[in-house]
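Here's the structure we're looking at; comments come further down.
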Amino acid sequence: MKSLEELKQIREKMQNKVILREGSAEKRIVVGMATCGIAAGARPVLNTFVEEIAKRNLTGTVEVGQTGCIGMCRFEPIVEVFEGDKRVTYIYVNPDKAREIVEKHIVGGEPIVEYTIGAAEK
Amino acid sequence: MKELSLNILDIAQNSIHADASLVRILLDETDESLELSIIDDGKGMSEEFVSRVTDPFSTTRTTRKVGMGLPLLKLAAEQTGGHMTISSRERAVYPDDHGTVVTAFFYKNHLDFTPLGDVVSTVVSLVQGSPDVDFLFRHTFPNHTVELDTREIREVLGEEVPLSSPDVLVWIRETLTEQYEGTAGEDE
C-alpha cells in the first residue's frame, strides 16, 4: 500500500505554495456530471481535464469543476469553459477533444469553434 | 450505463446533494454475486418519497421532471435476477440519526450482468467534485479488501490542503490501483 508518508510529503510541498481559493482561477472548466452526462461518457472527460491541468502545472490558474444536468442531455458530454464573463459551451466531448480544448483554448486562448454548441445548431 | 461503476458515481451524487458529510460505498463480492451498498448521513427522504423514488418520473432535479439514476441501478440489478432496496430516515423526523441506504444485489454470472468497470475513476471523480465530503470506499473479496477512507487522508493533510489537489488525486488513484493489483495476484 502507498504510504501515508507520501501524503505528508504532498502536504509539505503544498504548504509552500499559495493554495488556490475557489473562484480565484482565471479560467474554469465545468463538466456536466448528472445521469445523462455520466452515461454519455463524462467521467473519462473529467479525469482527462484534471490530468491535463495537473500535467501542465495550470492548477493555480485553471479550476476544474462538476455540475448537474443543464437540460440539454442530447448533447452530453457537455463542457463549459468560463473566463471572466465569457462562456464557451462544448458538446459531445471525449478525452481526445478534452486534450485539444486544453491545448488550443485553455493554453492557446482560441476556442475551438467546431466543437461548440453554436456550430452544431447551425 | 456501460459500467456499474458509473451507476455508483451517479447514485453517490444523490448522497452529496442530500448534504451528506460521509458517504460509504461498500462492495461485497463473491464468485457468484456482488452486493453494492451506498450509505450516507444526508438529509434522507420521506417515506412517501422513498415509495415512488424508483419511478423515473420522481426527481429532485429542477431542470426537468425525470430522474433516471435509481431506476437505471434497479434495472441493472434486476436484469441479473437480483434486486435493489432503499431505506431512508428523514432528518426532519430523525434529527440525530438520518440518511439513506441504497443496496443493490447482482448475480455476476448472469448474461446481463454489467461489469463493475473502472471503480477507481469513480472514487477519484467523487473526491474531485466534492473535496469537503468524506468517502469510505471498501471492496471486499473472499480473501482481500481494497479500502480508502478520506477521513484518514484529511487527517494527514490538515485543513490547508484540499483533497481535490492534483497530487492528492494521483495518490488516491495509485493507492487504490495498487490494492487492486494485489487482489489480482491472489487469484492466480
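The values are calculated or read from the model by the stated rules, or taken from the named source; none is laboratory data. Since this is a predicted model, take the numbers as computed values, not measurements. Here the Cβ positions follow ideal geometry from the backbone for every residue, glycine too, while neighbour counts run over all protein chains shown.
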- Residues within region B:75-96 that are more than 29 Å from residue B:115 (Cβ to Cβ) and within 20 Å of the chain's Cα centre (by Cα), tallied: 2
- Task: Would you be able to tell me the number of residues in region A:66-90 that are under 13 Å from the mean Cα position of the chain (by Cα) and buried (at least 16 other Cβ atoms within 10 Å of the Cβ)?
- Result: 11
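Those residues that are under 13 Å from residue A:12 (Cβ atoms) and outside any loop (DSSP other than H, G, I, E, B), I need them from region B:156-167; list them, please.
Hits for region B:156-167 are B:156, B:157, B:167.
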- Report, ordered by the first and then the second residue, all pairs with beta carbons closer than 6 Å, sequence separation of six or more or different chains, a first member in region B:118-145 that is free of Cβ contacts under 8 Å to residues at least 40 places away in the same chain, and a second member that is among the hydrophobic types (A, V, I, L, M, F, W, C). B:131/B:163
- Message: Restricting to region B:72-112, and then to whatever is surrounded by 14 or more Cβ atoms within 10 Å (Cβ to Cβ) and among the acidic types (Asp, Glu), can you tell me which residue is nearest to residue B:55 (Cα to Cα)?
- Response: B:78
- Item | Filter pass, residue B:168 being facing chain A (nearest Cβ under 10 Å) and in contact with a Leu (Cβ under 6 Å, 6 or more places away or on another chain) | no
- Give the residue, chosen from B:150, B:140, B:103, B:80, that is at pLDDT 95 or above and within 27 Å of residue A:50 (Cα to Cα). B:150
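Would you confirm whether or not region A:60-68 contains a residue that is acidic (Asp, Glu), at pLDDT 90 or above and over 18 Å from residue B:162 (Cβ atoms)?
Checked region A:60-68: no residue is acidic (Asp, Glu), at pLDDT 90 or above and over 18 Å from residue B:162 (Cβ atoms).
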- Query: Any chance region B:40-59 includes a residue that's in contact with a Phe, Trp or Tyr (Cβ under 6 Å, 6 or more places away or on another chain) and either at pLDDT 95 or above or assigned to a loop (DSSP other than H, G, I, E, B) (or both)?
  - Reply: no
- Message: Can you go through A:54, A:25, A:34 and tell me which one is at pLDDT below 95, under 13 Å from the mean Cα position of the chain (by Cα), surrounded by 14 or more Cβ atoms within 10 Å (Cβ to Cβ) and within 17 Å of residue B:127 (Cα to Cα)?
- Response: A:54
- Condition set touching a Gly at 6+ places or on another chain (Cβ under 8 Å) and either closer than 19 Å to residue B:170 by Cα or part of a strand (DSSP E or B) (or both), scope region B:101-145, selection nearest to the other protein chains (Cβ to nearest Cβ): answer is B:129
- helices (runs of 4 or more DSSP H) fully within region A:1-109 counting 1 or more residues that are over 25 Å from residue B:8 (Cα atoms) and more than 9 Å from chain B (Cβ to nearest Cβ): A:4-15, A:95-101
